[in-house]
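Visitor: Pasting a structure here, questions to come.
The values are calculated or read from the model by the stated rules, or taken from the named source; none is laboratory data. Small disclaimer: the values here were computed from a predicted structure and weren't measured. FYI the Cβ positions are ideal-geometry reconstructions off the backbone, even for glycines, and counts take in every protein chain you see. Surface areas here come from the heavy atoms of the whole protein model, side chains and all, with no ligands, DNA or RNA. Shrake-Rupley method; radii C 1.70, N 1.55, O 1.52, S 1.80 Å.
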Amino acid sequence: MPKGYWIASIDVTDVDTYKLYVEANAEAFAKYDGKFLTRGGAFTQLEGKNRSRNCILEFKDVETALDCYRSPEYQKALAVRRHVALADIIIMAGYE
């Protein structure tokens, strides 16, 4: 079964409150064994739409990634993020 990946591109509009989102999402990511492969590091935009922050999380499979997103723990964090950042998020299967 291929791993699942959560890919997010984000523009933060309130850095101080976004820190509360980061603290809150840690609970969900720990519960579902989400592992950050990238987290807001430097990048080079070559094509397409650009956002200022990009993150990739790895999960054991797509269903676990979806369960994490839908979890009460993440939904609590999401309620904070929706007011302080614009995001494009996809969940996809890895390639085997």
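Visitor: So, in the stretch 35-74, of the ones that are farther than 11 Å from Trp6 by Cα and among the aromatic types (Phe, Trp, Tyr), which residue ends up nearest to the chain's Cα centre (by Cα)?
Guide: Only one residue tops the list, namely Tyr74.
Visitor: Output the qualifying pairs, or none if there are none: Cβ atoms under 8 angstrom, residues six or more apart or on different chains, first residue in the stretch 40-53 and under 17 Å from Leu86 (Cβ atoms), second residue open to solvent by 70 Å² or more (accessible area, probe 1.4 Å).
Guide: Close Cβ pairs (under 8 Å, with a partner that is open to solvent by 70 Å² or more (accessible area, probe 1.4 Å)) amount to Arg51/Leu86.
Visitor: Anything in the stretch 72-96 that is among the small types (Gly, Ala, Ser) and touching a residue at least 40 places away in the same chain (Cβ under 8 Å)? List them, or say none.
Guide: Taking the stretch 72-96 as the starting set, the residues that turn out to be among the small types (Gly, Ala, Ser) are 77, 79, 85, 87, 93-94.
Across the stretch 72-96, the qualifying residues are Ala77, Ala85, Ala87, Ala93, Gly94.
Visitor: Sticking with this structure for a sec: Would you tally the residues in the stretch 1-24 being surrounded by 12 or more Cβ atoms within 10 Å (Cβ to Cβ) and either part of a loop (DSSP other than H, G, I, E, B) or touching a strand residue (DSSP E or B) at 6+ places or on another chain (Cβ under 6 Å) (or both)?
Guide: 13
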